[in-house]
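All remarks here apply to the structure that follows.
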Amino acid sequence: MEKPHQVENRKEPPRFSDHTRAIASEGAAGWAIADAAADALERGEDVISLCLGDTSFDTPGRICEAANQSLRNGRTHYAPVPGTLDLRKNVAAAQKRFDGQDWTADQAVIFGGAQNALFAAVMTVAGAGDEVLYLEPWYATYEATIRAGGAIAKPIKLALETDGQKISEDLLLASIGESTRAILLNSPNNPGGYVLDRQDLEVIAKVADRFNLWIISDEVYRSTVFDGVFLSIASLPGARERTIVVNSLSKSHAMTGWRVGWTLAPLTAAQHLQNLAQCMLFGSPTFIQDAAAVALQEAGDEEMRFFAGELLRRRDIMCARLSDMPRLKFTRPGGGMFCFVDVSATGLSGTEFADELFRAEGLAVVPGVAFGPNMSNFIRLSFSSSDNLVTEGLKRLHRFCARL
């Protein structure tokens, strides 16, 4: 009998896969200050963090009670892989209330948060060597999410200086090649709160149709459009058949810790997404899905509007204070939970500014490098915290800027 091949013993540690290089990026490194602030708060230090998009609101009591009742009813066993029927029906109905399209439960697949859903959506439409176009500034995980499965992340810079159209059709066309498979968009945008208008969305839909591309539409901030009305690209003629919508309850219903997200997609894509859900998590917890189904009932839209109104008020507080700081430049966010501020007039990069601000004032903000290489002169501030924290944080920022 042939002996198995013997591999020579080596002193170096076992090697990692190439995926580890793909998922390492400056976007991940940009969160170092947020992590340091969290550690300092744990130690009881006088630190304020305006880093995360996690609202100060508690999850509404009726949603928590639905989870408690589900637990009391023994709903602690495996759920259907694509999600419970009640939740998927309510996901489809809630989307219809926003975009007017006739979505069905069969088109919805439940995931462990929007990040999980986004990962599955990218994996479904783009593989090794394929290109995914996405908009800069981007949410910090986009680049690594695209690259994790071997796809190539190809950014397109938004026009940040205008209140009108932010996407150039010529620039979009120039970015498309033989390997382009999808366009990933996020509106309202994180980090800047930029809202793509109908003209922007029509450009994307037109180009996607011409080159037979998928559209992945990250709509987690759809409930927080402050100036105007949210418009989903899936509502444009012909776009829905090639669009995968990604969403969650984290922002809209103050449920960041519950980790409930989903995709809505054409049936052909939904089946592949369901297969990925089976590989990735084999069904979200049943009692959490029961609570999520209650959250998405139409009666809950009033809670969602209340949260959005509070965020609008906090946005206005932040914008008013930032306007009094002459060396800081920003565009008033039309939605979301953040202000994206250009600090280049201070003579510091975004990273230098954030580091010095944290050391001098104990105020943590996210440097812009987390959101794209062209964003190194920016910082991101969240207005999702309580009124007191937002106000005190801006006081510290003003004091810091006055000393520069």
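Answer yes if at least one residue in region 366-389 is over 24 Å from the mean Cα position of the chain (by Cα), modelled with pLDDT under 95 and surrounded by fewer than 21 Cβ atoms within 10 Å (Cβ to Cβ), and no otherwise.
Looking for residues that are over 24 Å from the mean Cα position of the chain (by Cα), modelled with pLDDT under 95 and surrounded by fewer than 21 Cβ atoms within 10 Å (Cβ to Cβ), one finds at least one in region 366-389, hence yes.
Within region 120-143, residues that are closer than 17 Å to SER187 by Cβ and without any contact (Cβ under 8 Å) to a residue 12 or more places away in the chain have Cβ atoms under 7 Å from residues that are open to solvent by less than 20 Å² (accessible area, probe 1.4 Å) and assigned to a strand (DSSP E or B) in no pair, counting only partners at least 6 apart in sequence or on another chain. The set of residues from region 142-196 being surrounded by fewer than 17 Cβ atoms within 10 Å (Cβ to Cβ), closer than 30 Å to THR20 by Cα and among the acidic types (Asp, Glu) comprises just one member, GLU178. The residue that is surrounded by the most Cβ atoms within 10 Å (Cβ to Cβ), among those in region 89-105 that are touching a Lys or Arg at 6+ places or on another chain (Cβ under 9 Å) and part of a loop (DSSP other than H, G, I, E, B), is TRP103.
Listed here are the residues, each with its yes/no results for (1) surrounded by fewer than 24 Cβ atoms within 10 Å (Cβ to Cβ); (2) in a helix (DSSP H, G or I); (3) in contact (Cβ under 8 Å) with a residue 12 or more places away in the chain; (4) not charged (D, E, K, R).
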position	(1), (2), (3), (4)
GLU310	yes, yes, yes, no
CYS319	yes, yes, yes, yes
ARG332	yes, no, yes, no
ALA345	yes, yes, yes, yes
ALA354	no, yes, yes, yes
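Strands (runs of 3 or more DSSP E) fully within region 208-281 that include at least 2 residues being in contact with a Phe, Trp or Tyr (Cβ under 6 Å, 6 or more places away or on another chain): 261-264. Within region 56-67, the set of residues being closer than 17 Å to ALA292 by Cβ and either of a type in the set (Gly, Ala, Ser) or open to solvent by less than 70 Å² (accessible area, probe 1.4 Å) (or both) comprises PHE57, THR59, PRO60, GLY61, ILE63, CYS64, ALA66, ALA67. Answer yes or no as to whether ALA182 is under 30 Å from GLY112 (Cα atoms), among the aliphatic types (A, V, I, L, M) and part of a strand (DSSP E or B). In short, yes.
The values are calculated or read from the model by the stated rules, or taken from the named source; none is laboratory data. Not measured: the values here are computed from a predicted model. Counting neighbours? That spans all protein chains shown, and the Cβs are built from the backbone with ideal geometry, glycine included. Note: areas computed on protein heavy atoms with side chains; ligands, DNA, RNA excluded. Shrake-Rupley method; radii C 1.70, N 1.55, O 1.52, S 1.80 Å.
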